[in-house]
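Colleague: One structure coming up, written as structure tokens, with questions to follow.
Here, each number is a calculation from the coordinates, and none is a lab measurement. Since we're looking at a predicted model, the values are computed, not measured. Cβ: placed from backbone, ideal geometry, glycine included. Neighbour counts: every protein chain shown.
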Amino acid sequence: MPSPHVLILTGADDPHADRVGAMLTGRGARVTVFDPGDFPVTWRVDLTYAADGLLRRVLRDGKREIALDTVTAVWWRRPTPPAPHPEIADPAVAAHAGKECQSLLGDLWEHLPCPQLPARESVWRRSGQKASQLALAAELGFAIPETLITTDPESFLDFHERHEGRIITKSFHIPFIEGVGDGLTVTRLSDPVSPRDLAYADGLRFCPMIVQEQVPKRLELRVTIVGRRIFAAEIHSQVSNRSSVDWRRYDTRVTPHRPHRLPDEVAARCLALMERLGLEYGAIDLILTPDDRHVFLEVNPNAQWLWVEYLTGLPISEAVCDHLLQGA
């Protein structure tokens with residue numbers, strides 16, 4: 001029986017891929033790491049067809065030839081998009097070539113006949129839409145924050161008044177802006193709305209924003225799910241001013257992280273959510289309120305987990321490894 005062959009789609013400097021890739025190799029799997037950002041400069045792609053259908057799919061980089069029909073599982077980690085070849089001088093032609101390369105690879109991954117983690121690209125990209133997530137979570141019985149998604153300044157100001165100013169805002173989809181000022185990347189996390197912010201409410205006309213009531217927190221939960229396995233960690237974000245509004249402003253030196261057991265009904269909702277979204281992997285963010293309500297915030301279908309694993313001992317990397325090997 002041939003060895004499992006796992007294709008990892010990720011960019012450079014990915015410790016998650018390094019850790020799981022080493023586990024896979026240690027268990028006898030063949031591992032190929034491919035970053036679409038290296039296509040078409042470093043890597044080339046051949047899809048060969050005959051009159052009666054597809055014959056073979058091949059990646060090659062001058063040193064290796066990877067027969068993609070031998071791949072038993074694909075793991076979407078953090079791939080970068082294809083970049084146009086630097087020898088193309090015309091910007092319009094370069095942009096067109098980049099889009100064509102991305103379209104080819106997207107179609108290629110979509111019809112590979114093997115399991116994919118967290119799911120096929122079309123599925124996990126659709127699953128990351130926050131408005132749809134909130135609607136589905138409420139349908140499944142989760143409590144959710146009262147939420148407004150808007151480009152209307154007046155609606156925002158009405159929401160602010162109704163909640164007596166105790167609201168937060170966050171980006172609708174992409175939490176960072178690249179190339180600001182001197183090429184810096186600005187990250188936009190959850191932020192409370194200050195009186196000064198109200199003076200800039202008119203800026204909502206240009207871009208949608210999520211506005212939510214500020215839910216009281218006893219602690220926050222990061223629920224990482226791999227297949228049907230649940231790894232819940234409690235994040236005691238309220239012990240640090242820095243992480244109290246959004247734990248992603250990491251302050252791990254003073255913020256305890258511990259394993260957590262979810263109530264059975266909450267665990268069942270988490271699994272139902274993943275099933276409805278079509279995901280085999282995802283990280284669900286919940287708030288545990290002082291009166292023990294579990295409030296759903298969002299699910300990230302391609303989230304990181306190593307810091308949780310290191311701080312809690314939860315064997316998430318091993319579970320990812322196990323799941324990828326099941327494709328064999």
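Colleague: Ordered by packing density, taken as the mean number of other Cβ atoms within 10 Å over each peptide's residues, highest first, how do 193-204, 265-276 rank? Don't jump to the answer; show the numbers that get you there.
Modeller: On the way: 193-204: 12.2, 265-276: 17.3.
With the highest mean Cβ count within 10 Å placed first, the list reads 265-276, 193-204.
Colleague: Note the full-extension length gain between D158 and F172 as 0.36 nm times their separation in residues minus their Cα-Cα distance, in nm to one decimal.
Modeller: Stretched fully, the D158-F172 segment lengthens by 3.1 nm.
Colleague: Count the DSSP beta bridges whose two residues both fall in the chain, then state the antiparallel fraction as a percent rounded to the nearest 5.
Modeller: Numbers: 48 of 60 bridges.
Bridges in the chain are about 80 percent antiparallel.
Colleague: Where a Cα-Cα gap under 23 Å defines reach, which lysines qualify for K217, not counting those fewer than 8 residues away within the same chain?
Modeller: K130, K170
Colleague: Percent relative contact order of the stretch 5-114, based on C-alpha pairs within less than 8 angstrom and at least six residues apart?
Modeller: Over the stretch 5-114, the number comes to 30 percent.
Colleague: Using only the Cα atoms, work out Rg/Rh for the stretch 21-155, with Rh taken as the Kirkwood radius, to two decimals.
Modeller: On the way: Rg = 19.8 Å, Rh = 18.3 Å.
Over the Cα atoms of the stretch 21-155, Rg/Rh equals 1.09.
Colleague: Counting other Cβ atoms within 10 Å, which GluC sites (Glu not before Pro) in the stretch 26-100 have at most 11 and lie in a DSSP loop? Display every interim value, and only then the final one.
Modeller: Numbers: sites: E65, E87, E100; in loops: E87.
Filter output for the stretch 26-100: E87.
Colleague: Could you point to the residue in F142, G53, P256 farthest towards the positive end of the chain's charge dipole, with +1 and -1 charges on the Cβ of Lys/Arg and Asp/Glu respectively?
Modeller: Highest projection toward the positive end goes to P256.
Colleague: Check each of the trypsin sites (Lys or Arg not before Pro) in the stretch 38-139 and keep only those in coil by DSSP with at most 11 other C-beta atoms within 10 angstrom; list them in order.
Modeller: Taking the stretch 38-139 and a limit of 11 other Cβ atoms within 10 Å, the loop trypsin sites (Lys or Arg not before Pro) found are K63, R64.
Colleague: Additional query: From the list [x] 185; [y] 256; [z] 227, can you say which value of volume of the Cα convex hull per residue in Å³ was derived from the structure given?
Modeller: Label [x] holds the value from this structure.
Colleague: If you don't mind, there's one more thing I want to ask. Rounded to the nearest 5, what % of the DSSP beta bridges within the stretch 5-158 are antiparallel ones? List each step's numbers first, then the result.
Modeller: Numbers: 10 of 21 bridges.
If we restrict to bridges inside the stretch 5-158, about 50 percent are antiparallel.
Colleague: Still on this structure, please answer the following. Only counting other Cβ atoms within 10 Å, I'd like T48, T25 sorted with the fewest neighbours first.
Modeller: In order of increasing Cβ crowding within 10 Å: T48, T25.
Colleague: Could you tell me the extents of the stretch 189-328's C-alpha atoms along the three principal axes, largest first, rounded to whole Å?
Modeller: Per principal axis, max minus min of the Cα coordinates gives 57, 34, 26 Å.
Colleague: Still on this structure: Straight-line reach from K99: which lysines have a Cα under 22 Å away, not including same-chain ones fewer than 8 places off?
Modeller: Straight-line reach from K99, under 22 Å: no lysines qualify.
Colleague: Can you give me the Cα centroid spacing of the stretch 296-328 and the stretch 65-132 in angstrom?
Modeller: Comparing the Cα centres of the stretch 296-328 and the stretch 65-132, I get a distance of 22 Å.
Colleague: In addition: Where does the chain land at 222 nm, in deg cm²/dmol rounded to the nearest 500, when only DSSP H runs of n ≥ 4 count, each adding -39500 (n - 2.57), divided by all residues?
Modeller: Theoretical 222 nm ellipticity from helices: -8500 deg cm²/dmol.
Colleague: Something else: Pop the C-beta distance of I149 and V58 into the FRET formula with R0 = 35 Å and round what comes out to the nearest 0.05. Write out the running numbers ahead of the final one.
Modeller: Numbers: r = 44 Å, r/R0 = 1.26.
Between I149 and V58 the formula returns 0.20.
Colleague: Sticking with this one: Would you mind calculating the relative contact order of the chain from Cα pairs under 8 angstrom and at least 6 residues apart, reporting the percent as a whole number?
Modeller: 18 percent
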